[in-house]
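Since the structure comes first, as structure tokens, the remarks are kept for the end.
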Amino acid sequence: MAGEPQRRGSSQMYDYTEGSGYLGEQPSLRSQWVSSRMSDQNYPQFNWSSTPAEEDAEDAGQPRDLRSSPLPMRLKRAVRQVQQMQVPVVSSRGSWKQKQAKSLRKFRDNTKEFLYVFALWRKSLQMIGGNFGGGVQSFFLFLRFLVVLNFVSSLLIAGFVLVPSIVFRAVAPSFVNITGPEECMEYDPNPQGLVVFYTYFLDLLSGTGFMEYTYLYYGYYNNTAVEDRNLSYNIPLAYLLTAVFYFAFCFICIIARMGAAARVAVATGGSAVGNYSMMVFTSWDYGCLGDHATKLKQKSILYRLQVDLEEESLKKREATLTLKQKIVLYSLRVSMGLVAFGLIIGAFYGIYVATVFSQERSGQEGVLGLIFEYLPSIVITAGNFLVPLLCDQIALIEGYSPSTTVIVSLLRAVFLRLVSLGVLLFTLWRQITCQGDISSADCVLCQYNQKVYPCWETRVGQEMYKLTVFDLLINIAVLVLVEYPRRMVVDNWSSKLAQWVGRQEFVVSSNVLKLVYAQTVVWTGAFFCPLLPLINTVKFVILFYIKRATLFYNCRPALRTFRSTTSTFFFVAVLLFGWILATVVMVYSISEIHPSMGCGPFRFFPYMWLIVPTSFSSLSEVTQEFLFFIGSQSFSIPMCVLFCVVLCYFVSLASVYGNSVALLRAQRKLEGRDKQFLVKQIEMLSQQLQIPKLTAGAED
């Protein structure tokens, strides 16, 4: 083209001179601007009449970027207008890729906008974020995530288990009834005759009575298998596989959310606690609206600065401690840690005793029977409320830094909540399996304690149901009986005691841990109470409005905030531990404990998992060969190798990115030191230049 020599000649002006790092001789900017107005011969020449195909052939596949071209704005605008008027050629590969990328991007943006309009509680979340900041908003976002997770899970269970069970209820089971002891099959599927009206209310709270003989629990489902020319459906197999897919779906959602939280934590430098520049330039929340929210955010930033300064002073103080002082400090921390651990063990023992006492007196009726039914839930809730308060006071005595104090308190609360649920399940397991000895007199006949638990799966589901309902009742009672009266007293009573007590703080960390505990209870009981995810969806919806009312009318945000970048990842990690606990319970139940012989879809199997090989033997030969091939070494070993290669690739990619980030941080530090050195040199030169002037003035 005609413009090539000019471009080649003009580009030579920007060559570096040999032996120096500075540019060669260049005309001034004013002379360049004047010469560009006098003549257009230095402009790159465009062939206006050429077609896009010819331009692609000339450019050899290199796209022309107008933004990086050395052209005036008026010429760039003219070129863009000409390009827009040209009809794109469909056969061009580059234009086709651009059209596909543009249409895909537009479709993705439109889909996001459409889903954003129908987002759950969108306006409420915007109001919460605008008035209280992103830290409090993260709790409600986490609650919305759990609501959606439980709702989708309830649809999965209803579609594959509940609806087919209702439809095929009248169809006779196709399994051959395995003969067994008649004593093991004693389970009355019908509730007793007429009862007092309030008994239905008590049964609704305890999950017993008429609710025990509904689709709410495991024991009401039959071992129905429909086999027809056009239809074949196996209820026991569907029950087991739906539970497996339910746990897998929850695991995928947790990992996806954890990955997003980890990316945010890494991108924002969540591990840099004392990074002053990060705090100054990125800590302000622009979603805050109003004077109150602005002052609150200022106090939060001020507290974070105070925390960093206090941690630095504590580190310096610990560095100057003598050996004797260190021994005293560590002895104090160990002793206080043992006291906290003793409180937690005491709570576990109380849960164990309450569960045994409740199961022994479960046959009583009336209000006293309801209290005995809810005794484990009451003890667990009381322990989860009192023990963390005492552990928080112990953590203050231990002398840790503020951030370490918060982390230690949270870890103790997580350990208490999750292990307390494990203690309840362990107590039930000891009673179901005769303390693990199935050869004892009570378990030798049915392989489980049939006299106390004729349908032990339903009993476990009832315990999880009572924990879920009791947690909701406690939240409502605390709102009505504690938080609202406290706000009324503080607002209308001007005494020093009322002002010292103040409104209740909305602590994000403790509220999120309550959600994690509630979701762990649901996961644990979902196999034995299939409708528990649906009940938990309704519970979390009610809880959202309770917490929103509490936030706006009764509480104030906590000044001691936990960093949102690390807290989000920490809370999802705790949720993953709850999922692991529930998964262990389900796997052990379906593989080790003999199912009840008088109820449930697995009543004629020695173990629940045996439904899989039994159903597998009824498949066609082609399907069996295909499944055998998937489980064989010829398929599994290459897949493992492929997964290892992909994993190594991502690990190496993350390592490269980490090294790049480390190099950039080191380069930034070096540049800061270079700037400091240059500033010192400038100060020294300025002082040296000012000294002769002052001496010359003195001589005159």
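The values are calculated or read from the model by the stated rules, or taken from the named source; none is laboratory data. Quick caveat, the model's predicted, so the values are computed rather than measured. As a convention, Cβ positions derive from the backbone with ideal geometry for all residues, glycine included, and neighbour counts pool all protein chains shown. Heavy atoms of the whole protein, side chains included, go into the accessibility calculation; ligands, DNA and RNA do not. Shrake-Rupley method; radii C 1.70, N 1.55, O 1.52, S 1.80 Å.
Among the residues of the range 657-691, write down those that are hydrophobic (A, V, I, L, M, F, W, C) and either open to solvent by 90 Å² or more (accessible area, probe 1.4 Å) or more than 27 Å from R263 (Cα to Cα) (or both). Please lay out each step first, then the result.
First pass over the range 657-691, keeping only residues hydrophobic (A, V, I, L, M, F, W, C): 661-664, 666, 670, 677-679, 682, 684-685, 689, 691.
Matches in the range 657-691: L663, L664, L670, F677, L678, V679, I682, M684, L685, L689, I691.
Return only the number of the condition from (1) surrounded by fewer than 17 Cβ atoms within 10 Å (Cβ to Cβ); (2) farther than 24 Å from F348 by Cβ that Q435 does not satisfy.
Every listed condition holds for Q435 apart from (2).
Could you tell me whether any residue of the range 383-394 is part of a helix (DSSP H, G or I) and touching an Asp or Glu at 6+ places or on another chain (Cβ under 7 Å)?
Start the filter on the range 383-394 by keeping residues that are part of a helix (DSSP H, G or I), which leaves 383-394.
Next cut, touching an Asp or Glu at 6+ places or on another chain (Cβ under 7 Å) only: none.
There is no residue in the range 383-394 that is part of a helix (DSSP H, G or I) and touching an Asp or Glu at 6+ places or on another chain (Cβ under 7 Å).
Just one of F643, F635 is over 30 Å from W456 (Cβ atoms), in contact with a Phe, Trp or Tyr (Cβ under 8 Å, 6 or more places away or on another chain) and among the aromatic types (F, W, Y); which is it?
Working: F643 fails: in contact with a Phe, Trp or Tyr (Cβ under 8 Å, 6 or more places away or on another chain).
After ruling out the rest, the residue left standing is F635.
Here is a check on your reading of the model: is I380 under 30 Å from H594 (Cβ atoms) and part of a loop (DSSP other than H, G, I, E, B)? Can you show your working first?
On the way: under 30 Å from H594 (Cβ atoms): yes; part of a loop (DSSP other than H, G, I, E, B): no.
Here the answer is no, as I380 does not meet what is asked.
Kindly indicate whether any position in the range 447-459 is over 27 Å from A354 (Cβ atoms), touching a strand residue (DSSP E or B) at 6+ places or on another chain (Cβ under 9 Å) and either hydroxyl-bearing (S, T, Y) or not in a helix (DSSP H, G or I) (or both). Lay out the reasoning, then the answer.
Quick first cut of the range 447-459, residues over 27 Å from A354 (Cβ atoms) only: 447.
Subset that is touching a strand residue (DSSP E or B) at 6+ places or on another chain (Cβ under 9 Å): none.
No, there is no match, as no residue in the range 447-459 is over 27 Å from A354 (Cβ atoms), touching a strand residue (DSSP E or B) at 6+ places or on another chain (Cβ under 9 Å) and either hydroxyl-bearing (S, T, Y) or not in a helix (DSSP H, G or I) (or both).
Being open to solvent by 30 Å² or more (accessible area, probe 1.4 Å) and at pLDDT 85 or above is true for just one of R361, R333. Which residue is that?
Working: R361 fails: at pLDDT 85 or above.
The conditions single out R333.
Just to verify a result, which residue in the range 558-588, among those that are of a type in the set (S, T, Y) and at pLDDT 90 or above, is most open to solvent (accessible area, probe 1.4 Å)?
First, the residues of the range 558-588 that are of a type in the set (S, T, Y): 561, 564-568, 583, 588.
Among the residues that remain, those that are also at pLDDT 90 or above are: 583, 588.
Working: T583: 29, Y588: 95 Å².
Step by step, filter the range 558-588, then rank; the result is Y588.
Does A698 satisfy the criteria of being small (G, A, S), open to solvent by 80 Å² or more (accessible area, probe 1.4 Å) and at pLDDT below 85?
Details: small (G, A, S): yes; open to solvent by 80 Å² or more (accessible area, probe 1.4 Å): yes; at pLDDT below 85: yes.
Against the criterion (small (G, A, S), open to solvent by 80 Å² or more (accessible area, probe 1.4 Å) and at pLDDT below 85), A698 qualifies.
Of all helices (runs of 4 or more DSSP H) completely enclosed by the range 465-549, which ones contain at least 3 residues that are touching a Lys or Arg at 6+ places or on another chain (Cβ under 8 Å) and in contact (Cβ under 8 Å) with a residue 60 or more places away in the chain? Break it down into steps so the answer makes sense when it comes.
Values: elements: 484-492, 496-501, 508-525, 532-549.
Of the helices (runs of 4 or more DSSP H) lying wholly inside the range 465-549, those with at least 3 residues that are touching a Lys or Arg at 6+ places or on another chain (Cβ under 8 Å) and in contact (Cβ under 8 Å) with a residue 60 or more places away in the chain span 508-525.
What about L410, is it touching a Pro at 6+ places or on another chain (Cβ under 8 Å) and open to solvent by less than 20 Å² (accessible area, probe 1.4 Å)? It would help to see each step written out before you state the result.
Details: touching a Pro at 6+ places or on another chain (Cβ under 8 Å): no; open to solvent by less than 20 Å² (accessible area, probe 1.4 Å): yes.
So L410 does not fit the description; no.
Residue by residue through the range 409-434, note down the ones that are in contact with a Cys (Cβ under 8 Å, 6 or more places away or on another chain) and either over 18 Å from N511 (Cβ atoms) or among the polar types (S, T, N, Q) (or both).
S409, T433, C434
In the list L425, L416, which residue meets the criterion of being open to solvent by less than 20 Å² (accessible area, probe 1.4 Å), under 26 Å from N475 (Cβ atoms), of a type outside the set (V, I, T) and not in a loop (DSSP other than H, G, I, E, B)? Steps first, please.
On the way: L425 fails: open to solvent by less than 20 Å² (accessible area, probe 1.4 Å).
After ruling out the rest, the residue left standing is L416.
Which of the residues belonging to the range 385-407 are open to solvent by 50 Å² or more (accessible area, probe 1.4 Å) and charged (D, E, K, R)?
D392
So N475 fits all but one of (1) modelled with pLDDT under 90; (2) crowded, with 20+ Cβ neighbours inside 10 Å; (3) in contact with a Leu (Cβ under 8 Å, 6 or more places away or on another chain); what number is the exception?
Going through (1) modelled with pLDDT under 90; (2) crowded, with 20+ Cβ neighbours inside 10 Å; (3) in contact with a Leu (Cβ under 8 Å, 6 or more places away or on another chain) one by one, N475 breaks only (2).
Which condition from (1) over 29 Å from V516 (Cβ atoms); (2) in a helix (DSSP H, G or I) is the one that I590 breaks?
Unmet condition: (1).
When you scan the range 600-621, do you find a residue that is in contact with a Gly (Cβ under 7 Å, 6 or more places away or on another chain), surrounded by 10 or more Cβ atoms within 10 Å (Cβ to Cβ) and of a type outside the set (S, T, N, Q), even just one?
Looking only at the range 600-621, we keep the residues that are in contact with a Gly (Cβ under 7 Å, 6 or more places away or on another chain), and these are 600.
With surrounded by 10 or more Cβ atoms within 10 Å (Cβ to Cβ) added as a condition, the list becomes 600.
With of a type outside the set (S, T, N, Q) added as a condition, the list becomes 600.
Yes: the range 600-621 contains one or more residues that are in contact with a Gly (Cβ under 7 Å, 6 or more places away or on another chain), surrounded by 10 or more Cβ atoms within 10 Å (Cβ to Cβ) and of a type outside the set (S, T, N, Q).
Can you spot a residue in the range 669-688 that is at pLDDT below 85 and under 30 Å from T224 (Cα atoms)?
no
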